[in-house]
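Nothing in this text is a laboratory measurement; each read-out follows from the coordinates by a stated rule. All values derive from a computational prediction rather than experimental measurement. Cβ: placed from backbone, ideal geometry, glycine included. Neighbour counts: every protein chain shown.
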Amino acid sequence: MAANHGLGNLSKAHWNLSNPVLYEEAVRKGEAKVSQGGALVVATGKHTGRAANDKFIVKNAASEGKVWWGKVNKPFDQDKFDRMHQKVLKHIADKEVYPPTPTRSPSSTCPTWPRTPRRTAP
């Protein structure tokens with residue numbers, strides 16, 4: 001499946017796992033603990049928040065007329081994205097990863113990642 005999504009060089013990919021299985025993997029690998037109430041607890045480090053002003057979208061033929069460009073939705077050059085994408089692929093090539101299965105957005109030709117529920121039970 002990985003090769004179908006441009007991720008053909010991954011050593012081990014676990015696609016679209018359920019939340020309980022992801023909990024188990026995080027705990028097994030020592031990356032998280034489960035609280036008494038069942039929430040997954042992870043020490044994320046100092047850079048954990050989303051910067052609201054750092055939202056960039058690739059501006060190309062597919063997105064140009066469909067995005068409200070401005071302070072919130074800033075254009076990102078396709079060539080810069082392609083270079084960054086190659087760096088990411090190289091970085092994760094020898095890593096074990098847990099990607100969701102990509103889907104197609106009905107309003108776009110750009111691949112999107114499905115959202116997961118905010119609150120889940122193990």
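Within the shell defined by Cβ-Cβ distances under 15 Å, the residues around Arg83 carry a net charge of 0, with Lys and Arg each +1 and Asp and Glu each -1.
Rg/Rh for segment 47-97: what does it come to with C-alpha atoms and Rh from Kirkwood?
Rg/Rh for segment 47-97 comes to 1.07.
Taking a sphere under 15 Å around the Cβ of Trp68 and counting the other residues whose Cβ falls inside, with K and R at +1 and D and E at -1, yields a net charge of +4. Charged neighbours of Leu10, selected by a Cβ distance under 9 Å, balance to 0 (K, R count +1; D, E count -1).
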